[in-house]
Amino acid sequence: MTLAVRVPEELSARVPAEQRGPGLDRDAVRLLVSRGTEVSHHAFVELPRLLRAGDLLVVNTSPTLAAAVDGRIGHSRVVVHFSTRGDDGRWAVELRVPDGTGTTRARAGGPAGTRVRLPGGVRLVLEEPLSAEGERLWWARASGPEVLGRARASRAGVLGMLREYGRPIRYSYTERDQPLSVYQTVFALPSADGSGSAEMPSAARPFTARLVAELVSRGVQFAPITLHTGVASAEVHEPPYPERFAVPEASARLINAVRAGDGRVVAVGTTAVRAVESAAGPDGVVRGAEGWTDLVVTPERGVRVVDGLLTGLHEPEASHLLMLEAVAGRAAVDRGYEEALRGRYLWHEFGDVHLILPEVDPHPEHCSSNCW
């Protein structure tokens with residue numbers, strides 16, 4: 001699925017909402033709401049009044065890593081984006097070229113055997129492409145005194161190097177580097193092994209502790225899941241590749257209970273959709289699960305669990321739009337993007353957000369007088 005949409009450069013959110021004026025917080029963004037092809041315009045702080053008691057928000061607790069670090073290949077400067085840690089201790093990485101403005105541009109991948117010098121005496125050796133379908137991401141193995149001195153595994157060493165020398169990944173549409181705290185959502189929790197997301201699960205960014213408290217007080221529930229996102233395909237829009245996820249048994253039980261009642265399961269971000277749908281059986285029952293998921297949610301596959309989706313506005317590329325179409329249908333997606341452009345909503349991770357709700361109640365057989 002593709003849309004004939006060009007997002008004007010001036011609609012890119014260049015700084016976080018809280019930096020756009022005095023007294024603003026993260027929740028000072030706009031909220032586009034779609035119910036089928038019916039669209040309405042709101043402030044994000046109105047979210048508690050747009051949901052209802054018994055609804056469930058599925059949120060991703062993955063923390064964001066400082067996953068970009070400077071390196072050298074011979075005498076040439078590169079920037080390494082650390083994407084995903086494999087079970088064998090290797091890392092999937094993307095090499096990019098500094099563009100002179102503080103961001104980077106794409107670089108041809110490989111070849112195998114390429115050696116990259118990193119801070120702290122770390123050495124990175126590219127071994128093989130992550131996928132036979134492209135050479136943007138490569139499996140690489142780290143070694144060196146900083147890695148082997150801290151732990152006899154590249155997992156701990158690379159994470160330590162990123163904590164000391166890394167910075168958040170950013171792209172050219174943003175104005176400047178930001179501290180890592182700007183890229184952490186209110187739901188982010190440290191993981192036991194230090195793992196996290198290469199890029200922020202950004203749909204949850206506008207939530208504040210105050211807004212979460214209001215949602216809870218109105219009877220909206222939360223189900224935490226974890227999916228560690230990899231590096232986005234900013235230029236060529238490759239399909240999603242496998243990512244590590246976990247759906248706790250307690251969250252699975254809560255999701256199933258809401259589906260058995262009159263509530264709606266609303267995923268906060270496409271990462272939450274991917275995790276929950278990966279844990280769902282053909283019968284729509286969610287079970288506790290963890291590991292790797294290679295699921296790509298498409299209209300043909302459909303969604304078994306999710307009734308609605310809160311998502312950022314991103315470039316209209318295939319895999320993101322296919323998931324939106326699976327949740328809402330093609331007509332609703334077309335209408336939503338048309339209205340977002342007409343209303344001059346802001347795009348990308350610091351931008352405005354889009355709430356997709358079902359056109360009719362998803363569980364009418366359970367519906368009581370408060371369903372609308």
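The table below lists the values:
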| quantity | calculated |
| --- | --- |
| So GLU133, is it out of contact with any strand residue (DSSP E or B) (no Cβ under 9 Å at 6 or more places or on another chain) and either of a type in the set (D, E, K, R) or surrounded by fewer than 17 Cβ atoms within 10 Å (Cβ to Cβ) (or both) | yes |
| Yes/no for LEU65 being out of contact with any strand residue (DSSP E or B) (no Cβ under 6 Å at 6 or more places or on another chain) and under 17 Å from GLU199 (Cα atoms) | yes |
| Yes/no for PRO282 being part of a loop (DSSP other than H, G, I, E, B), within 20 Å of the chain's Cα centre (by Cα) and on the phi < 0 side of the Ramachandran plot | no |
| Condition check for ALA272: surrounded by fewer than 16 Cβ atoms within 10 Å (Cβ to Cβ), assigned by TED's automatic domain parsing to the domain that holds VAL333 and in a helix (DSSP H, G or I) | no |
| The listed residue being modelled with pLDDT of 95 or more and closer than 29 Å to VAL15 by Cα, out of ALA267, ALA252, ALA246 | ALA267 |
| So GLY281, is it touching a Gly at 6+ places or on another chain (Cβ under 7 Å) and surrounded by fewer than 16 Cβ atoms within 10 Å (Cβ to Cβ) | no |
| Counted residues, the stretch 9-68 - those being charged (D, E, K, R) and not in a loop (DSSP other than H, G, I, E, B) | 8 |
| Per-region count, the stretch 95-118, residues in contact with a strand residue (DSSP E or B) (Cβ under 7 Å, 6 or more places away or on another chain) and under 19 Å from ASP177 (Cα atoms) | 8 |
| Residue check for GLY102: over 30 Å from ASN256 (Cα atoms) and in contact (Cβ under 8 Å) with a residue 60 or more places away in the chain | yes |
| Options VAL286, VAL266; residue that is farther than 30 Å from GLY134 by Cα, surrounded by 22 or more Cβ atoms within 10 Å (Cβ to Cβ), in contact with a Ser or Thr (Cβ under 9 Å, 6 or more places away or on another chain) and not acidic (Asp, Glu) | VAL286 |
| Check on VAL78, in a strand (DSSP E or B), touching a residue at least 12 places away in the same chain (Cβ under 8 Å) and more than 30 Å from SER131 (Cα to Cα) | no |
| Which listed residue is of a type in the set (Lys, Arg), modelled with pLDDT of 95 or more and surrounded by 13 or more Cβ atoms within 10 Å (Cβ to Cβ), from ARG49, ARG85, ARG26 | ARG26 |
| The stretch 248-260, residues that are part of a helix (DSSP H, G or I) and surrounded by fewer than 21 Cβ atoms within 10 Å (Cβ to Cβ) | GLU249, ALA250, ARG253, LEU254, ASN256, ALA257, ALA260 |
| Exclusive hit being in a helix (DSSP H, G or I) and loosely packed, with under 15 Cβ neighbours inside 10 Å, set ALA331, ALA326 | ALA331 |
| Of the criteria (1) touching a helix residue (DSSP H, G or I) at 6+ places or on another chain (Cβ under 8 Å); (2) part of a loop (DSSP other than H, G, I, E, B), which one GLY263 fails | (1) |
| Those residues of the stretch 193-245 which are under 17 Å from LEU57 (Cβ atoms) and part of a loop (DSSP other than H, G, I, E, B), in sequence order | PRO201, ARG205, PRO206, PHE207, THR208, ARG218, GLY219, VAL220 |
| Condition broken by ARG72, with the remaining ones in (1) more than 24 Å from the chain's Cα centre (by Cα); (2) in a loop (DSSP other than H, G, I, E, B) satisfied | (2) |
| Count of the stretch 97-146 residues which are under 14 Å from GLY71 (Cα atoms) and among the aromatic types (Phe, Trp, Tyr) | 0 |
| Selection status of THR64, within 21 Å of TYR171 (Cβ to Cβ), buried (at least 16 other Cβ atoms within 10 Å of the Cβ) and among the polar types (S, T, N, Q) | yes |
| Residue check for LEU57: out of contact with any helix residue (DSSP H, G or I) (no Cβ under 6 Å at 6 or more places or on another chain), farther than 19 Å from TRP292 by Cβ and assigned by TED's automatic domain parsing to the domain that holds LEU310 | yes |
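The values are calculated or read from the model by the stated rules, or taken from the named source; none is laboratory data. Worth saying up front: this structure is predicted, and the values here are computed from it rather than measured. No Cβ is skipped: glycine too gets one built from the backbone with ideal geometry, and neighbour counts run over all protein chains shown.
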